[in-house]
């Protein structure tokens with residue numbers, strides 16, 4: 001039996017999962033690490049702590065599985081995207097703390113660069129936003145004493161978390177990033193999957209700092225000098241959302257997945273051609289295999305699971321997050337209530353940072369159960385907006401949605417999602433699809449699986465949800481939702497008198 005080790009480096013914790021050749025989980029280890037908030041809107045990580053926790057959980061997961069490095073066919077890395085690490089090439093020491101994808105310190109810089117946004121949009125498929133890596137790197141070079149001089153002298157390396165982990169695992173022998181991670185930097189030309197000199201010039205980033213862009217599935221090095229991991233081939237790299245798309249076996253054009261976490265990410269495979277979005281979605285590299293890049297459209301919703309946490313912590317109408325399902329099922333519908341959970345603004349396709357949460361349609365007959373059900377509908381309706389935007393951009397039907405993440409366990413939410421989307425919703429047996437995707441990419445590279453058709457056989461359905469309401473009913477709900485969203489937009493600006 002062949003085994004794969006997936007290193008799942010997330011925003012708040014480092015995990016390692018051992019999978020067998022059937023795609024089943026064998027062992028898991030996880031450690032949280034510290035979040036640093038030095039100023040309002042700033043979020044940082046200690047890159048050394050990320051490395052230590054990721055190394056330790058990898059060794060521990062193998063120990064739990066009673067495996068030695070020689071028993072592992074390969075390892076794959078999946079990571080929080082857009083987070084930037086800068087380090088000294090000789091010593092391997094971080095030059096400063098990592099700037100996390102959530103960090104907003106470059107907002108003013110992005111506003112100053114607005115004239116260049118059409119260029120970035122056309123070449124990278126991304127919006128010009130502090131979310132992405134490129135402006136973080138410019139900020140560090142301009143604001144950390146001595147960094148720009150050291151960078152221009154070739155002393156510093158920069159990269160996303162995949163780059164950092166590969167560098168540390170290989171004892172500094174390899175400085176690489178895969179196409180899916182590199183496509184989130186604002187520096188990669190999506191068509192060529194190479195660093196773009198015009199974009200580098202605009203952001204004043206020395207190309208010598210950047211990693212070699214490699215395939216998402218392919219041996220790019222091996223662990224060396226790391227007790228408990230030595231000799232394991234590193235054969236899979238991917239950003240977390242693209243890895244989940246691969247882990248859900250969405251290998252064909254039109255294959256779509258939605259991950260329900262604190263927020264939600266819906267991705268659809270658009271094939272080997274870049275699809276430029278007219279609906280404010282992001283175009284991104286899904287993966288590059290055998291030198292061939294496949295692409296995806298991505299939409300992000302800021303608040304999904306966090307809305308349920310608000311019911312628990314803010315309103316106190318449930319004691320635990322899973323209780324929302326039983327409460328929502330006490331009523332057959334929302335009684336005309338709509339919750340727009342824009343607590344942190346609206347993401348795609350609206351991109352309105354001034355939107356705020358809105359609870360509309362209340363009457364004296366409204367109960368906690370109606371609000372709970374409206375919360376689940378609000379989560380589902382945000383994803384329907386993304387799917388409809390993707391249908392408009394691609395003319396693909398998106399008649400099936402594969403789901404994962406914590407809230408995918410909520411049967412009522414999944415049924416509501418199927419009803420409002422008017423499409424089949426499918427939950428797999430293994431919902432750890434982010435880590436599974438990294439294992440699939442690594443195993444494919446070293447022959448554990450012969451091809452994607454072989455991989456698809458191991459993806460197994462737990463439950464399917466078919467629409468149980470008519471298309472007309474779904475359309476009426478979506479129309480009312482649109483009215484509720486309009487009431488939520490621009491609220492912070494109005495409130496401030498701006």
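Where a number appears in this text, it was derived from the coordinates with a stated rule and is not lab data. Note that the structure is a prediction, hence the values are computed from the model and not measured. Cβ sites come from the backbone with ideal geometry, for glycine too, and all protein chains shown count toward neighbours.
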*Contour excess over end-to-end distance, with Cα ends at residue 39 and residue 276 and 0.36 nm allotted per residue*: 81.8 nm
*Could you give the spread of the C-alpha atoms of the stretch 351-426 along their three principal axes, from largest to smallest, in whole angstroms?*
43, 31, 21
*Distance in nm between pseudo-label sites at residue 399 and residue 351 (7 Å out along the Cβ direction from Cα)*: 3.2 nm
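Nearest 0.05, what FRET efficiency do residue 46 and residue 472 give at R0 = 51 Å with Cβ-Cβ as r?
Working: r = 54 Å, r/R0 = 1.06.
Once rounded, the FRET efficiency stands at 0.40.
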*If you find the alpha carbon centre of the stretch 32-58 and of the stretch 426-498, how far apart are they in angstrom?*
28 Å
*Regarding the stretch 3-231, what whole-number volume in Å³ per residue does the convex hull of its Cα atoms give?*
116 Å³
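Return 469, 234 ranked ascending by Cβ neighbour count within 10 Å, so the fewest neighbours appear first.
Fewest-to-most ranking of 469, 234: 469, 234.
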*Report the label-to-label distance for residue 71 and residue 363 in nanometres (one decimal), using points 7 Å from each Cα along the Cα→Cβ vector.*
6.3 nm
_Within the stretch 417-449, list the residues whose amide N lies under 16 Å from a label point set 7 Å along Cα→Cβ of residue 320._
none
*Could you line up 429, 114 from fewest to most neighbouring Cβ atoms inside 10 Å?*
114, 429
*What is the extension gain from residue 112 to residue 63, computed as 0.36 nm multiplied by their sequence separation minus the C-alpha to C-alpha distance, in nm to one decimal?*
12.5 nm
*Put a dot 7 Å past each Cα toward the Cβ at residue 89 and residue 480; how far apart are the dots in nm?*
6.2 nm
*Which of the peptides 10-17, 414-421 is most tightly packed, and how do the rest follow, judged by the mean count of other Cβ atoms within 10 Å per residue?*
414-421, 10-17
*May I ask for the percentage of alpha-carbon pairs in the chain that lie more than 41 Å from each other?*
17 percent
*In percent, how large is the relative contact order of the chain, given Cα pairs closer than 8 Å and 6 or more residues apart?*
14 percent
_Test of understanding: extend the Cα→C-beta vector of residue 56 to 7 Å, then name every residue of the stretch 14-44 with backbone N under 16 Å from that spot._
14-16, 29-35
*Sorted by average packing, counted as other Cβ atoms within 10 angstrom per residue and highest first, what order do 158-167, 54-63 take?*
158-167, 54-63
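Taking the Cβ of each residue in 489, 457 as the centre, tally the other Cβ atoms inside 10 Å and list the residues starting with the fewest.
With the sparsest Cβ surroundings first, the list reads 457, 489.
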*Could you give the alpha-carbon Rg of the stretch 248-498 over 2.2 N^0.38 Å, rounded to two decimals?*
1.04
